[in-house]
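Right, one structure below, let's go through it.
Each reported figure results from applying straightforward, stated rules to the coordinates on display, with no laboratory input. The model shown is predicted, which means the values in this text are computed figures rather than measured ones. Cβ: placed from backbone, ideal geometry, glycine included. Neighbour counts: every protein chain shown.
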Amino acid sequence: MKNRREFLQAAATGAFVISSQSGLGLTTMFDQQSLHADSGKSRVVVARDPALHSPDGQLDEKRVLDLLDRAIAHYTGRDNPVEAWKRIVPVGKVIGLKTNGLGGKGISTHLALVMAVAERLQQAGVKPGEIVVWDRNRRDLEACGLTINTDASRMRCYGSDVAGFEDQPEQWGSARIRLSKILTGDCEMVIGLPILKDHSGAGVTFAMKNMYGVVDRPQDLHGGGCNPSVADLNCMPAIRQKVCFTVGDAMSSVYDGGPGFHPERLWQPNALIVGVDRVAIDHTAWQMIERKRAEAGLPTLEAAGRPPRYIATAADSTHQLGVNDPQRIHLMEI
Amino acid sequence: MILRSKRLSTKWALAAVAVALVALASTACKKKNIEPFPASGAVSGWEKTSDTRTFAAKDLYQYIDGDAEQYISAGVVSTSTSDYKYQGQLEATVDVHTMADAAGAQKILEAGQTKDAKSTSIGDAGVAYAQSVTFRKGPYLVRIVAFQSTTGASDALQALARGVETRL
């Protein structure tokens with residue numbers, strides 16, 4: 001596999017910056033030298049399946065697991081998906097899967113993706129009770145097709161409306177909020193499962209903006225096109241250290257009018273976007289939205305007055321959350 | 001003494017008139033106390049499948065997060081929403097945004113239009129797509145969205161939209 005060879009060569013020379021954000025998990029994947037490579041690149045995999053949706057727009061859920069396996073195999077260089085996941089998640093830790101159901105039934109993280117990730121986690125040795133699927137509240141989780149369950153003998157699923165928020169607010173830069181206890185207490189590692197959307201304020205919402213669902217007052221972070229709030233929020237230690245990996249849902253998306261569901265602007269990229277570097281992932285996702293908008297005859301997000309400036313802010317020397325320079329992103333489109 | 005009494009009664013009369021005028025103006029400005037959501041069966045084939053939830057402007061982020069900004073800047077007062085199902089299959093959500101005035105409703109309607117929008121005669125103005133209908137009537141902006149694309153969905157949505165319109 002050519003890509004795998006490329007990957008192994010690069011990993012051996014420390015060419016990938018893969019864990020600038022993470023403090024847990026993934027450290028078994030590469031040695032410390034590769035984690036801190038100065039001239040490295042952030043790896044982002046965009047895996048596509050043109051047949052994921054039928055001509056009438058129905059998702060073929062059986063294909064989602066295969067698509068996930070391809071994405072993870074290319075990201076890790078491991079053909080066996082279970083072995084690949086063993087390199088991503090630690091054993092004996094509680095893993096959170098942070099979905100995004102804010103857009104309602106039509107444009108929320110797909111249930112099939114949540115279940116595919118949960119299946120592979122369990123096969124990799126994570127016990128069902130060590131998996132917590134979570135979001136802001138019951139309504140958002142139900143929008144994804146999930147059912148609330150707090151029984152720790154099974155895979156759990158609940159929102160911050162059940163767990164509550166920390167009593168004391170935290171501050172980083174402009175962001176002063178209280179974090180969900182699911183993030184601070186219940187989970188030791190979080191995998192982000194955002195869904196790609198246009199956003200009327202921020203321009204694009206995906207990996208980093210998904211963290212607005214872990215705070216008590218997201219409305220306080222929406223000024224100035226969510227810049228620098230998105231970057232500031234993602235710098236908070238609990239987020240920077242625990243949100244270690246992203247399996248981005250770009251199977252369907254809205255390219256305009258978001259973040260709500262607008263079926264007239266619904267689009268099916270039929271893709272998953274996978275990686276550690278949330279800045280690189282968001283930059284990649286932004287370019288996908290721009291290409292679709294151009295194809296639809298819409299102005300760029302810059303021309304529409306809502307460029308996602310928070311992506312560059314997240315990459316600046318103050319935040320250092322990842323890279324947004326295409327020359328420093330190792331993009332693998334498969 | 002008599003003069004002072006007359007002055008007092010005149011003051012009281014003026015105060016009473018002022019209170020009455022304020023009460024009249026308040027009644028005139030107040031939105032009708034409406035229930036815009038048709039009950040199950042009120043529109044043929046449509047069943048109301050959830051309770052109505054209402055969000056004041058300050059709480060709108062809880063429902064639509066970042067979308068709340070554009071509604072707030074257009075003067076939204078409150079938003080009510082309910083889910084529906086058509087013939088047990090087609091799922092839809094009805095959102096009724098009560099704006100401060102008709103201009104606010106118009107602003108939102110125009111902002112959401114695309115080139116392929118088809119105008120509809122529902123309300124004061126409106127647009128329809130295969131899976132959605134949006135119209136305004138006075139200060140109300142109504143948006144109905146279906147979550148599936150099925151044959152006849154557009155007609156069914158327009159029927160539901162008319163059912164809401166008659167209640168505004």
Query raised in the report: So what is the 222 nm mean residue ellipticity for chain A from helices alone, if each DSSP H run of at least 4 adds -39500 (n - 2.57) and you divide by all residues, rounding to the nearest 500 deg cm²/dmol?
Result: -8000 deg cm²/dmol
Report task. Could you go through the range A:292-298 in sequence order and give the Karplus-derived ³J(HN,Hα) for each residue, using 6.51 cos²θ - 1.76 cosθ + 1.60 with θ = phi - 60°, rounded to whole Hz, and x for Gly and Pro? Result -> 5, 5, 4, 4, 8, x, 8
Query raised in the report: Residue by residue through the range A:112-128, which ³J(HN,Hα) values in whole Hz follow from phi under the Karplus form 6.51 cos²θ - 1.76 cosθ + 1.60 (θ = phi - 60°), with glycine and proline marked x?
Result: 4, 6, 4, 5, 5, 5, 4, 4, 5, 4, 5, 5, 8, x, 7, 6, x
Report summary line: As a percent rounded to 5, the proportion of antiparallel DSSP bridges among beta bridges in the protein assembly as shown is 70 percent
Query raised in the report: In the Gaussian network model of chain A, springs joining C-alpha atoms below 10 Å, which of A:Q171, A:Q58, A:Q320 carries the largest mean-square fluctuation?
Result: A:Q58
Query raised in the report: Along the range A:254-260, what does the Karplus equation 6.51 cos²θ - 1.76 cosθ + 1.60 (θ = phi - 60°) give for ³J(HN,Hα), rounded to whole Hz, x for Gly and Pro?
Result: 10, 9, 7, x, x, x, x
Requested in this report: Calculate the radius of gyration of the Cα atoms of chain A to one decimal place, then report Dmax, the largest Cα-Cα distance, as a whole number, both in Å.
Outcome: 18.1, 51
Query raised in the report: Mind checking the dipole of the protein assembly as shown: about its Cα centre, +1 per Lys or Arg Cβ, -1 per Asp or Glu Cβ, Debye to the nearest 20?
Result: 1260 debye
Report task. Please go through the range B:61-160 and write out the trypsin sites (Lys or Arg not before Pro) that DSSP classes as loop and that have at most 15 other C-beta atoms within 10 Å. Result -> B:K115
Report task. Please give the net charge around A:F206, taking every other residue with its beta carbon less than 12 angstrom from that of A:F206, where Lys and Arg add +1 and Asp and Glu add -1. Result -> 0
Query raised in the report: Exposure proxy check: A:R78, B:R167 ranked by fewest other beta carbons within 10 Å?
Result: B:R167, A:R78
Requested in this report: Using the charge dipole of chain A (Lys, Arg: +1 at Cβ; Asp, Glu: -1 at Cβ; taken about the Cα centre), state which of A:T318, A:A152, A:A202 has its Cα farthest towards the positive end.
Outcome: A:A152
Requested in this report: Fewest Cβ neighbours within 10 Å first, please rank A:S252, B:S132 accordingly.
Outcome: A:S252, B:S132
Query raised in the report: For the range A:123-223, which trypsin sites (Lys or Arg not before Pro) are in a loop by DSSP, counting at most 14 other Cβ atoms within 10 Å?
Result: A:R154
Report task. Identify which of A:L298, A:L65, A:L113 has the largest mean-square fluctuation in a Gaussian network model of chain A, with springs joining Cα atoms closer than 10 Å. Result -> A:L298
**Report entry** aspartates and glutamates with Cα under 12 Å of A:K242, excluding same-chain neighbours fewer than 8 positions away
**Finding:** A:D186, A:E188
Query raised in the report: Exactly which GluC sites (Glu not before Pro) in the range A:229-320 are in a DSSP loop and have at most 13 other Cβ atoms within 10 Å?
Result: A:E302
Query raised in the report: Say the cut-off is 27 Å between C-alpha atoms; which of B:K85/B:K118; A:K98/B:K85; A:K98/B:K118 go over it?
Result: A:K98/B:K85; A:K98/B:K118
**Report entry** Simple spin-label estimate for A:E83 and B:A111 in nanometres, 7 Å along Cα-Cβ
**Finding:** 5.3 nm
Report summary line: Among A:K86/A:K197; A:K93/A:K209; A:K105/A:K197; A:K86/A:K209; A:K105/A:K181, the pairs whose Cα-Cα distance exceeds 19 Å are A:K86/A:K197; A:K93/A:K209; A:K86/A:K209; A:K105/A:K181
Query raised in the report: Using modelled backbone amide H atoms (1.01 Å from N, in-plane), which distant-in-sequence or interchain residues come within less than 5 Å of B:D124's amide H?
Result: B:R136, B:K137, B:G138
